[in-house]
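Q: One structure, pasted below without further comment.
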Amino acid sequence: MGRIEKMKNETWGRVKEQLLESVGRSNYANWIEPLELRKVDNGVAVFSVPTSFMANWVSRNFADTILTHLKAANAPASRVEFKVEPHQSQPAVAPAETAPATSNQTPTLVHEAPAADLPGAPLDPRFTFDNFVVGKPNELAHAAARRVAEGGPVTFNPLFLYGGVGLGKTHLMHAIAHEIRLRDPEARVLYLSAEQFMYRFVQALRDRQMIDFKQIFRSVDVLMVDDVQFIAGKDSTQEEFFHTFNALVDQNKQIIISADRAPGEIQGLEDRIKSRLQCGLVVDLHPTDYELRLGILQTKAEGYRAQYPDLKFADGVLEFLAHRISTNVRVLEGALMRLFAFASLVGREITLDLTQECLADILKASERKVTVEEIQRKVSEHYAIRLSDMIGPKRVRSIARPRQVAMYLAKHMTTRSLPEIGRRFGGRDHTTVMHGVRRIEELKATDSQIADDLEMLRRTLEA
Ligand code: ADP
Ligand code: MG
C-alpha cells in the first residue's frame, strides 16, 4: 500500500471518529460506517456506498457534516461525492492500520476559524440558533446564550449551562461560536471539550511546552469548555483550568462552560473552582416537555417532508412520538430519521402502525418505568409527610395536596389508568384521581412553588 493511500485511510479514520461524535452512534452505524473513501481528486472526495438509497440519504443528510470534518482534518476536499458500488471486499488496509487514532491524540484544528492555530474541536454546522427550537424548558438557557453571542461588554462570566444528556448544551455552545464568528470574523473563539483540554494540558507537560499552552489559552477572546464534569477528580488539570479561567476573567474575556449538573453538585471538583463557576450566570436546560418535543419534531419533520415530497404522513404520528419518547432530543431525532428512512425505503405512508413497527425498540427503551409506589414515596419525602398518610383517609390540605401531586405524577409518568391509580391510593375512586390531577394542572399554571416542586420531583423520578 502506498504512502498516500495510507495517509488517506488514516485521515478518514480520524474523521470518522469525529463524525461518530457529531452524528451519534446510531446514525454513525447506519450511514457513516458503510462509507468507503475511494479517492480525493481535484478537491472532490469520492466515497463508495453499497446502495443508491444510501447514496441519496447520506448525500442529503450528511454531506455537509462530512465535508466540514474532512476540511478540519486538512483533507484537500471542497466537495463530496457518493458513488454506488456494491461492496464486496474489505478495505484494503490491515485492521491495525485503520484503527483510528483516538480523538485525544489528535485534537482537531477549528475549521475555517481565522485563528486556525487554536487547538479547538470542529463545530457542527447544523448547531445554529436558527435550528434550535425554543420552549419553556430551555428558554432561559437560549436567551442567555443569545445574549453572550451578541458580544459587547461581558455581563456575566462565566455562562454556565447545565442539564441532562441530549438536551442541547453542545448545540447552544456551537451556536454561540457560530454567531460570534459571524459577527466578528477576527474573534478568537476556542471551543473544546474538557477532555480535550486535559489532553492538551498533559501533552504540553510531556513535551515541555507549558509556556505555549498557557499562551494559547490565555490569548483567546472566548473560551468554551464542554462537559466540564470530566475534569472532576483530575487534580492537576483542575489546577491548570483554574488558572486559565482566572486569567481570562481578569482580562474580561467571555467564558462559557457546560456540565451535566450544577457546579455545586459536581463531586471531586475543588471548592474554589465551584465557587468561581457560580460567579457568573448558572442556567439549566430542563428535561424537555411534550410541547417542546412536538415543536422539535415538527421542525425536523418539515425538513424531511421537503426532501421526500412524495411521502405521505398521517396525522397524529408526531404527537404520538412526542408523547412516547424520552426527554433526550438526540433519541427523538434518531427516531424520526429512522422513520423517514424506513418509510421511503419501503415506499409506505408513515402511519401509527408503521411507526410502532419501525421504532419498536426505541419505544420500548423509553417506556417510563417509574411506578406509582415510587412516586408516592418520593412525594412523601419531599413534603415530609408519612407514606401511610399519602394512602390513608386524611383530608387536611397539608396531606391532600401532596397526595394530589402524587396522583398527577402517576397519571403523567406511568401508563396506569385512573382506576388503577385510585386503587393504589387506598382504593379511591377514579373521579377522585381525576379531580386531583385537574387541581394540580390548574395550580401548576398559577403557583410557581407547585410548578417547581413538580419539576424537581419529575427529575428525581426520571433520574
Ligand atoms: P447535550 O450536549 O446537552 O448532550 P446536544 O447539544 O448534543 O446535547 O443535543 C443533542 C441533539 O439534539 C443534537 O442533535 C441537537 O441538535 C438536538 N437538539 C437538542 N435540543 C434541541 C432544540 N431545542 N432544538 C433543536 N434541536 C435540538
Ligand atoms: Mg454535549
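Q: Where in segment 207-325 are there helices (runs of 4 or more DSSP H), lying fully within it, with 1 or more residues that are of a type in the set (A, V, I, L, M), within 16 Å of ligand 1 (Cβ to nearest atom) and outside the structural domain of residue 161 (by TED's automatic domain parsing)?
A: Ranges flagged: 290-307, 317-324.
Q: Say whether the condition of being more than 21 Å from residue 142 (Cβ to Cβ) and either open to solvent by 50 Å² or more (accessible area, probe 1.4 Å) or within 16 Å of ligand 2 (Cβ to nearest atom) (or both) is met by at least one residue in segment 244-251.
A: For segment 244-251, residues more than 21 Å from residue 142 (Cβ to Cβ) and either open to solvent by 50 Å² or more (accessible area, probe 1.4 Å) or within 16 Å of ligand 2 (Cβ to nearest atom) (or both): present.
Q: Within segment 252-264, restricting attention to residues that are open to solvent by 30 Å² or more (accessible area, probe 1.4 Å) and under 17 Å from the mean Cα position of the chain (by Cα), which residue is farthest from residue 175 (Cα to Cα)?
A: Among those residues, the one meeting the criterion is 261.
Q: Can we say residue 386 is out of contact with any strand residue (DSSP E or B) (no Cβ under 7 Å at 6 or more places or on another chain) and under 28 Å from residue 324 (Cβ atoms)?
A: Details: out of contact with any strand residue (DSSP E or B) (no Cβ under 7 Å at 6 or more places or on another chain): yes; under 28 Å from residue 324 (Cβ atoms): no.
Taking the combined requirement at face value, the residue does not satisfy it.
Q: Shifting gears a bit: For segment 31-53, how many residues meet the condition of being under 26 Å from the mean Cα position of the chain (by Cα) and crowded, with 19+ Cβ neighbours inside 10 Å?
A: Of the residues in that region, 3 qualify.
Q: Which one is farthest from ligand 1 (Cβ to nearest atom), of the residues in segment 179-190 that are open to solvent by 40 Å² or more (accessible area, probe 1.4 Å) and assigned to a loop (DSSP other than H, G, I, E, B)?
A: Taking the candidates together, the pick is 186.
Q: Just wondering, is there one or more residues in segment 71-94 that are at pLDDT below 80, under 24 Å from residue 127 (Cβ atoms), surrounded by 14 or more Cβ atoms within 10 Å (Cβ to Cβ) and not assigned by TED's automatic domain parsing to the domain that holds residue 198? Steps first, answer last, please.
A: So in segment 71-94, the residues at pLDDT below 80 come out as 86-94.
Narrowing the set further to residues that are under 24 Å from residue 127 (Cβ atoms) leaves none.
No, segment 71-94 contains no residue that is at pLDDT below 80, under 24 Å from residue 127 (Cβ atoms), surrounded by 14 or more Cβ atoms within 10 Å (Cβ to Cβ) and not assigned by TED's automatic domain parsing to the domain that holds residue 198.
Q: Among the small types (Gly, Ala, Ser) and either open to solvent by 80 Å² or more (accessible area, probe 1.4 Å) or not assigned by TED's automatic domain parsing to the domain that holds residue 426 (or both): which single residue out of 406, 410, 384 fits that description?
A: Within the list 406, 410, 384, the selection yields 384.
Q: I need a count of the residues in segment 135-178 that are within 12 Å of ligand 1 (Cβ to nearest atom), touching a residue at least 12 places away in the same chain (Cβ under 8 Å) and surrounded by fewer than 16 Cβ atoms within 10 Å (Cβ to Cβ).
A: Qualifying residue count, segment 135-178: 2.
Q: How many residues are in a helix (DSSP H, G or I) and at pLDDT below 85 when one looks only at segment 362-381?
A: The total comes to 2.
Q: Would you be able to say whether some residue in segment 358-379 is open to solvent by 70 Å² or more (accessible area, probe 1.4 Å), free of Cβ contacts under 8 Å to residues at least 40 places away in the same chain and over 30 Å from residue 301 (Cβ atoms)? I'd like the intermediate steps shown before the answer.
A: Initial filter on segment 358-379 (open to solvent by 70 Å² or more (accessible area, probe 1.4 Å)): 361, 364-365, 367-369, 373, 377-378.
So of that shortlist, the ones also free of Cβ contacts under 8 Å to residues at least 40 places away in the same chain come out as 361, 364-365, 369, 377.
Of the ones still in play, those that are also over 30 Å from residue 301 (Cβ atoms) are 377.
The answer is yes, given that some residue of segment 358-379 is open to solvent by 70 Å² or more (accessible area, probe 1.4 Å), free of Cβ contacts under 8 Å to residues at least 40 places away in the same chain and over 30 Å from residue 301 (Cβ atoms).
Q: Given the conditions (1) in contact with a helix residue (DSSP H, G or I) (Cβ under 6 Å, 6 or more places away or on another chain); (2) surrounded by 16 or more Cβ atoms within 10 Å (Cβ to Cβ), and given that residue 232 satisfies all but one, which numbered condition is not satisfied?
A: Just one mismatch for residue 232, condition (1).
Q: Taking only pairs six or more apart or across chains, which ones have beta-carbon atoms under 8 Å, a first residue in segment 323-344 that is surrounded by fewer than 19 Cβ atoms within 10 Å (Cβ to Cβ), and a second residue that is assigned to a helix (DSSP H, G or I) and aromatic (Phe, Trp, Tyr)?
A: 323/290; 344/53
Q: Got a number for residues in segment 120-134 being more than 13 Å from ligand 1 (Cβ to nearest atom) and in contact with an Asp or Glu (Cβ under 9 Å, 6 or more places away or on another chain)?
A: 0
Q: Here is a follow-up. For residue 314, all conditions in the list (1) touching a residue at least 24 places away in the same chain (Cβ under 8 Å); (2) surrounded by 15 or more Cβ atoms within 10 Å (Cβ to Cβ); (3) away from ligand 2 (no atom under 16 Å from the Cβ) hold save one; what is the number of the exception?
A: Looking at each condition in turn, residue 314 falls short on (2).
Q: In segment 345-357, which residues are surrounded by fewer than 21 Cβ atoms within 10 Å (Cβ to Cβ) and within 13 Å of residue 311 (Cβ to Cβ)?
A: Selection gives 345, 346, 347, 348, 349, 351, 354.
Q: With the condition being in contact with a Pro (Cβ under 9 Å, 6 or more places away or on another chain), I'd like the helices (runs of 4 or more DSSP H) fully within segment 414-463 carrying at least 1 qualifying residues.
A: It comes to 430-446, 448-462.
The values are calculated or read from the model by the stated rules, or taken from the named source; none is laboratory data. In this text the structure is predicted, and so the values were computed from the model without any measurement. Cβ atoms come from the backbone with ideal geometry, glycine included; neighbour counts cover every protein chain shown. Side chains are part of the model used for accessible areas, which takes the heavy atoms of the whole protein and leaves out ligands, DNA and RNA. Shrake-Rupley method; radii C 1.70, N 1.55, O 1.52, S 1.80 Å.
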